[in-house]
Amino acid sequence: TGIYVGGWMSYTATETGSKWGEQYTACLVDDINLSSDLDNDEKIEQVENIEKWGKALENPILRILITSTEILPIGLIVSLLTGLILRRK
């Protein structure tokens, strides 16, 4: 988990990585605006929510916590399965 989080934090500190959040947010907003399944009020609400999260992710502590939650469940499952396999041997 630490290596994954450290890698992402290092990447977002680079010139390319620092623009990743802005580009991803812009892509999501474009997808919402092009959607025909939503009316204007729903589009506005979703765009505001995405922009709010984009601003929140500028906080490095919050970004670390969210990045940790991406990989932590997989790490726990792999660790538990490995422990069970090795315990039987």
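The values are calculated or read from the model by the stated rules, or taken from the named source; none is laboratory data. Computed from a predicted model, the values in this text were never measured in an experiment. Because the Cβ atoms are built from the backbone with ideal geometry, glycine has one as well, and the counts that use them run over all protein chains shown. Remember, those area values only see protein heavy atoms, side chains included, never the ligands or the DNA or RNA. Shrake-Rupley method; radii C 1.70, N 1.55, O 1.52, S 1.80 Å.
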**Prompt:** Quick one, what does Rg over Rh come out to for region 34-89 if you take C-alpha atoms and the Kirkwood Rh?
**Reply:** 1.33
**Item:** Accessible surface, the chain, averaged per residue in Å² (probe 1.4 Å)
**Value:** 80
**Request:** Using the charge dipole of the chain (Lys, Arg: +1 at Cβ; Asp, Glu: -1 at Cβ; taken about the Cα centre), state which of Thr69, Gly17, Asn59 has its Cα farthest towards the positive end.
**Result:** Thr69
**Item:** Summed side-chain charge close to Ile44 - residues other than Ile44 whose Cβ falls under 13 Å, Lys, Arg +1, Asp, Glu -1
**Value:** -4
**Message:** Given a 1.4 angstrom probe, I'd like the percentage of the accessible area of the chain that is carbon and sulfur, rounded to a whole number.
**Reply:** 62
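With contacts defined as alpha carbon pairs under 8 Å and 6 or more residues apart, what's the relative contact order of the chain in percent? Don't jump to the answer; show the numbers that get you there.
Working: 32 pairs, mean separation 33.9, N = 89.
Relative contact order comes out at 38 percent.
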**For region 1-63, alpha-carbon Rg over 2.2 N^0.38 Å** = 1.34
**Asked** What does the charge dipole of the chain about its Cα centre add up to, to the nearest 20 debye, if the Cβ of each Lys and Arg holds +1 and the Cβ of each Asp and Glu holds -1?
**Response** 1100
